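*Asks:* One structure is given below, represented as structure tokens, and several questions about it will come after.
The values are calculated or read from the model by the stated rules, or taken from the named source; none is laboratory data. All figures in this text were calculated on a predicted structure; none of them were measured in a lab. Every residue, glycine as well, gets a Cβ built from its backbone with ideal geometry; the counts of neighbours run over all protein chains shown.
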């Protein structure tokens, strides 16, 4: 053997910028309030906790491979066909299934400039080229997406509501996008935050019923409070689901994940409480920020995107929040250097955020 023999990664792998999650610690602070990862401040439902505890003694057993009970619960709650549901390790894995199955070397994958930062990673991992199109005032521009489609386009990733923008496309806009795409281009409607937009938002399911090239994805990480267990799912017509199930690992979800997710899905009282409290304090905090002179679009998620005069001001506000033990998310990596993404916490957390930013803005004005 010689030292000239080297294992080479597939093309595109070394072009991937690794995903960086939200911070969870502040040096010098033993107790912090983490508002950087859009986690549910109320946690999972008691029924989900009980289901996890009840199944923990079965951790030595392999789970079932078809996720039938969980898919049945999802289908029952949402009025869907369980045979058209696929489950994954978070909705991220379902997005990965889509990229792995429907894009490859020489193909293009469209995403918008402020879209989820995993999209270019998934595209490059499949050997495809990420194509990033502009948004207008932090809102997805349907015309820009349609104009970017070429003969090499295979997937369009749409975050709706947006992350980190919080903005929402209207039903008419999403439908126009679905109708305008060629039949050989997969539209992935990433609805990680859809539940915060309201119970009546079902457009993604309707489009998946109507169009053979639409995949809707959702997650248990946000409103269901199961981010630490990593469970998500997708809904599409059977042909698409059949293809993706061929690359899904047979035991990708554990017995604990499956039981907790099913219990969480069926606990509609906890769901409604989380939805109601989030909407209440999201509206309250947005008004508080606007009253302080901090620009903030209306959000349809469990976070707000606070916009400051410039990057230096945003960074200074971030330091002020850290000094008080509050962790939010800087989003320069999303092309928004003058912004901070703030998860909607419980009442005390929201009031603390408003108080700290209020003092910061006052001191900034007097400087």
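*Asks:* Please go through segment 60-84 and pick out each residue that is outside any helix (DSSP H, G or I) and either farther than 17 Å from residue 210 by Cβ or out of contact with any strand residue (DSSP E or B) (no Cβ under 7 Å at 6 or more places or on another chain) (or both). Break it down into steps so the answer makes sense when it comes.
*Replies:* Residues of segment 60-84 that are outside any helix (DSSP H, G or I), as a first pass: 60-67, 79-81.
Across segment 60-84, the qualifying residues are 60, 61, 62, 63, 64, 65, 66, 67, 79, 81.
*Asks:* Can you tell me which residue in segment 129-167 is farthest from the chain's Cα centre (by Cα), limited to those that are more than 28 Å from residue 343 (Cα to Cα) and assigned to a loop (DSSP other than H, G, I, E, B)?
*Replies:* 151
*Asks:* Give the number of residues within segment 298-342 that are assigned to a loop (DSSP other than H, G, I, E, B) and touching a residue at least 60 places away in the same chain (Cβ under 8 Å).
*Replies:* Initially, segment 298-342 is screened for residues assigned to a loop (DSSP other than H, G, I, E, B), giving 298-302, 308-310, 324-325, 328, 331, 335-338.
Pick out the ones that are also touching a residue at least 60 places away in the same chain (Cβ under 8 Å) and you get 298-302, 325, 328, 331, 335-336.
Total satisfying the criteria: 10.
*Asks:* Please tell me if residue 240 is assigned to a loop (DSSP other than H, G, I, E, B) and either assigned by TED's automatic domain parsing to the domain that holds residue 193 or farther than 17 Å from residue 350 by Cβ (or both). Break it down into steps so the answer makes sense when it comes.
*Replies:* Working: assigned to a loop (DSSP other than H, G, I, E, B): no; either assigned by TED's automatic domain parsing to the domain that holds residue 193 or farther than 17 Å from residue 350 by Cβ (or both): yes.
So residue 240 does not fit the description; no.
*Asks:* Out of 238, 266, 230, 248, which single residue is at positive phi and touching a helix residue (DSSP H, G or I) at 6+ places or on another chain (Cβ under 7 Å)?
*Replies:* Details: 238 fails: at positive phi; 266 fails: at positive phi; 248 fails: at positive phi.
When all the criteria are applied, what remains is 230.
*Asks:* Residue pairs, Cβ under 7 Å, 6 or more apart or interchain, first in segment 64-84 and outside the structural domain of residue 245 (by TED's automatic domain parsing), second at pLDDT below 95 and part of a helix (DSSP H, G or I). List them.
*Replies:* Qualifying pairs under 7 Å: none.
*Asks:* Another question, if that's okay. Among the residues in segment 261-273, are any without any contact (Cβ under 8 Å) to a residue 60 or more places away in the chain, within 30 Å of residue 355 (Cα to Cα), assigned to a helix (DSSP H, G or I) and out of contact with any strand residue (DSSP E or B) (no Cβ under 7 Å at 6 or more places or on another chain)?
*Replies:* yes
*Asks:* OK, next. Please verify whether residue 199 is farther than 21 Å from residue 118 by Cβ, at pLDDT 95 or above and surrounded by fewer than 22 Cβ atoms within 10 Å (Cβ to Cβ), treating the condition exactly as stated.
*Replies:* Working: farther than 21 Å from residue 118 by Cβ: yes; at pLDDT 95 or above: no; surrounded by fewer than 22 Cβ atoms within 10 Å (Cβ to Cβ): yes.
When the stated conditions are applied, residue 199 does not pass them.
*Asks:* Evaluate the following for residue 60: is it over 30 Å from residue 299 (Cβ atoms) and either outside the structural domain of residue 162 (by TED's automatic domain parsing) or modelled with pLDDT of 75 or more (or both)? Steps first, answer last, please.
*Replies:* On the way: over 30 Å from residue 299 (Cβ atoms): yes; either outside the structural domain of residue 162 (by TED's automatic domain parsing) or modelled with pLDDT of 75 or more (or both): yes.
Yes; evaluated as a whole, the condition is true for this residue.
*Asks:* Can you name every residue in segment 102-117 that is surrounded by fewer than 20 Cβ atoms within 10 Å (Cβ to Cβ) and touching a residue at least 60 places away in the same chain (Cβ under 8 Å)?
*Replies:* 105, 113, 117
*Asks:* Next question, about the same structure. Do we find that residue 174 is over 20 Å from residue 104 (Cα atoms), free of Cβ contacts under 8 Å to residues at least 40 places away in the same chain and crowded, with 22+ Cβ neighbours inside 10 Å in this structure? I'd like the intermediate steps shown before the answer.
*Replies:* Details: over 20 Å from residue 104 (Cα atoms): yes; free of Cβ contacts under 8 Å to residues at least 40 places away in the same chain: yes; crowded, with 22+ Cβ neighbours inside 10 Å: yes.
So residue 174 passes the test.
*Asks:* Further question: Go through (1) farther than 27 Å from residue 267 by Cβ; (2) at pLDDT below 95; (3) under 17 Å from the mean Cα position of the chain (by Cα) and name the single condition residue 96 misses.
*Replies:* Status for residue 96: all satisfied but (2).
*Asks:* Could you grab me the full set of residues in segment 132-145 that are crowded, with 19+ Cβ neighbours inside 10 Å and either in the same structural domain as residue 298 (by TED's automatic domain parsing) or free of Cβ contacts under 8 Å to residues at least 24 places away in the same chain (or both)?
*Replies:* Result: 133, single match.
*Asks:* Based on what the data block shows, is residue 345 within 14 Å of residue 36 (Cβ to Cβ) and part of a loop (DSSP other than H, G, I, E, B)? Break it down into steps so the answer makes sense when it comes.
*Replies:* Details: within 14 Å of residue 36 (Cβ to Cβ): yes; part of a loop (DSSP other than H, G, I, E, B): yes.
Against the criterion (within 14 Å of residue 36 (Cβ to Cβ) and part of a loop (DSSP other than H, G, I, E, B)), residue 345 qualifies.
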